[in-house]
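Reviewing the structure listed below.
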Amino acid sequence: MRDVLNDVSVSPDFSGLPPNVLHGLQHLTNNAAAVLMLVSGLGIVVSLIMLVLASWTSNPQLSERAKGGLVVSIGAMALLYIGIAVANYSGHLFQ
């Protein structure tokens, strides 16, 4: 069974794609990553503003919500970076 699993090899072949399709897909992934990063950064900014407002008004509920939003935004950004790192690693594995 182990020999059967070790014989499997995957090597993507992009040579059959037209150059404009390949560049379009690369451009699309770059734009999607940029939009996700922008949304996550905006979430961090809004959460920090809410933390400042919560400290000025001494509102513990708003402070907890802002902390949760900050954690979610930073987690989303970390997941994006981890996903990009895994994709780059996988891409270099098959070359």
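A short reminder: the numbers here are calculations on the coordinates, not readings from a lab. What you are looking at is a predicted structure, and each value in this text was computed from that prediction instead of being measured.
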Can you run phi through the Karplus equation (6.51, -1.76, 1.60; θ = phi - 60°) for the range 57-71 and list ³J(HN,Hα) in whole Hz, with x for Gly and Pro? 8, 6, 9, x, 5, 5, 5, 5, 5, 5, 5, x, x, 5, 5
So what J values fall out for the range 82-88 if you push phi through Karplus, 6.51 cos²θ - 1.76 cosθ + 1.60 with θ = phi - 60°, rounded to Hz, Gly and Pro as x? 5, x, 5, 5, 5, 5, 5
How large is ³J(HN,Hα), in whole Hz, for each residue of the range 36-50 in order, when computed from phi with the Karplus curve 6.51 cos²θ - 1.76 cosθ + 1.60 and θ = phi - 60°, using x for Gly and Pro? 4, 5, 5, 5, 5, x, 5, x, 5, 5, 5, 5, 5, 4, 5
